[in-house]
Amino acid sequence: MDAPSSRSLSISLSERIGHTISRGAAVSETFFAAYDALLARWPAGTAELTVSTPYGPTRVHAYGPPDGPPLVLLHGGGATGTAWFANAPALGARHRVYAVDILGDVGRSERAGLPLRTPRDLTAWLDAVLDGLGLSAAALCGHSYGGWVAAAYALHAPRRVRRLALLDPTQVFGGYRPGYLLRVLPMLLRPTVRRVGAYLDRETAGTGVDEDFKRLYVLGATLRGRGRPVVGRTLDPTPLAMPVLVLFAGDSRVHDAGAMADRARRLLPRARVEVLPGLGHHVLPTAGAAAVDAIVLEFLGAPTTGGHPPR
């Protein structure tokens, strides 16, 4: 058999690259269709904002009375700001809700300009987002990875954070369970639709995962060329002096909710800390929307007593 010519090899390689690009574009198109499907479940009157920052344009979904107290929502990894669809109606009844697509993660925020590499870059980016929204200060609420981002920002700029709500936060009061890391590693090393779907099914079994959210999460994890979110070490939350609420998912497999709650009470003795039974880590804001919204709204409206609301 004759050896393949350099021209035939070049054609074959070009075809493979073209197929990969075409497949990547199809996955991206399908992901943003899933993104738009979740966004369609937000209340009528939701505004789509693009905030310019030195690190790139940032997409923000805004809902609620324009003169209401500002509440900035930071999503879990791979979830995008659309994932707050179940919470926006209640939280936006009295507050102006700003759900941000965290830069560096999947979504409609785009890296452009200064490199976003470190936690310091991430807090500088969020400074620019608040500036672009015209907010000198706001309440922050973050879920999972977004809880880590919110807590890191509150440590960085405490005067800009009026109240801080953390929903099953990761790397704030402790690390991950070793078993969880072993389960998630294959998905991170080689994400495929089947592998990510199986992972999410295991992690959310019996906890009521929303099918639209599942589709977005699975497709987002398999996007080629997706940026890697900025991560860092486990935080020391003890300097936090603003009112703090911490809600843990009782059925979380990411960490031991009871142990994390005990640690949160020791580190922040004046914070309000609760464990919500029957809810998993990934679905806390959606499946647990009624309970979460009621507690968060009570927390946001509670009078301060020496810096923290009563437990």
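A short reminder: the numbers here are calculations on the coordinates, not readings from a lab. Keep in mind the model is a prediction, meaning the values are calculated, not measured. A quick note on method: Cβ atoms are made from the backbone with ideal geometry, for glycine too, and the neighbour counts reach across all protein chains shown.
A few comments on the model shown:
- Size of charge dipole - segment 40-175 - debye, nearest 20, with Cβ of Lys, Arg +1 and Asp, Glu -1, no other charges: 220
- Placing unit charges on the Cβ atoms only, positive for Lys and Arg and negative for Asp and Glu, gives segment 124-281 a dipole magnitude near 380 debye about its Cα centre.
- Within-13-Å neighbourhood charge of THR46 [Cβ basis; K, R +1; D, E -1]: +1
- Each other residue within a Cβ distance under 10 Å of GLU110 adds +1 if Lys or Arg and -1 if Asp or Glu, for a net charge of +2.
- Here the contact order of segment 156-311, divided by its residue count and restricted to Cα pairs under 8 Å and six or more residues apart, works out to 32 percent.
- Option label - Rg and Dmax of the Cα atoms in Å computed here, alternatives (1) 20.4, 84; (2) 17.5, 52; (3) 20.2, 69: (1)
- Positive-end residue, the chain charge dipole about Cα centroid, Cβ charges, pick of THR192, PHE173, THR286: PHE173
- Fewest-first ranking of MET260, MET242, using other Cβ atoms within 10 Å as the exposure measure: MET242, MET260
- Selected from GLY220, THR238, GLY64, residue furthest toward positive end of dipole (the chain; charges at beta carbon): THR238
- Helical content alone sets the calculated 222 nm signal of the chain at -13000 deg cm²/dmol, taking -39,500 (n - 2.57) per DSSP H segment of four or more residues and averaging over every residue.
- Based on C-alpha pairs under 8 angstrom that are at least 6 apart in sequence, the chain has a relative contact order of 18 percent.
- Sites ASP256 and ALA291, calculated FRET efficiency, Cβ-Cβ separation with R0 22 Å, nearest 0.05: 0.60
- Using the empirical formula 2.2 N^0.38 Å as the baseline, the Cα radius of gyration of segment 37-88 reaches a ratio of 1.17.
- This ranking places TYR145, TYR180, TYR98 by how few other beta-carbon atoms lie within 10 Å of each, fewest first, which gives TYR180, TYR145, TYR98.
- Of TRP42, LEU73, PHE32, farthest towards positive along the dipole that unit charges on Lys, Arg, Asp, Glu beta carbons give segment 27-174: LEU73
- Other residues with beta-carbon under 11 Å from the beta-carbon of HIS255 carry, at +1 per Lys or Arg and -1 per Asp or Glu, a net charge of +1.
- Put a plus charge on the Cβ of each Lys and Arg, a minus charge on the Cβ of each Asp and Glu, and nothing anywhere else: the dipole of the chain about its Cα centre is then about 660 debye.
- By the count of other C-beta atoms within 10 Å, a proxy for reagent exposure, HIS143, HIS95 are ordered fewest to most as HIS95, HIS143.
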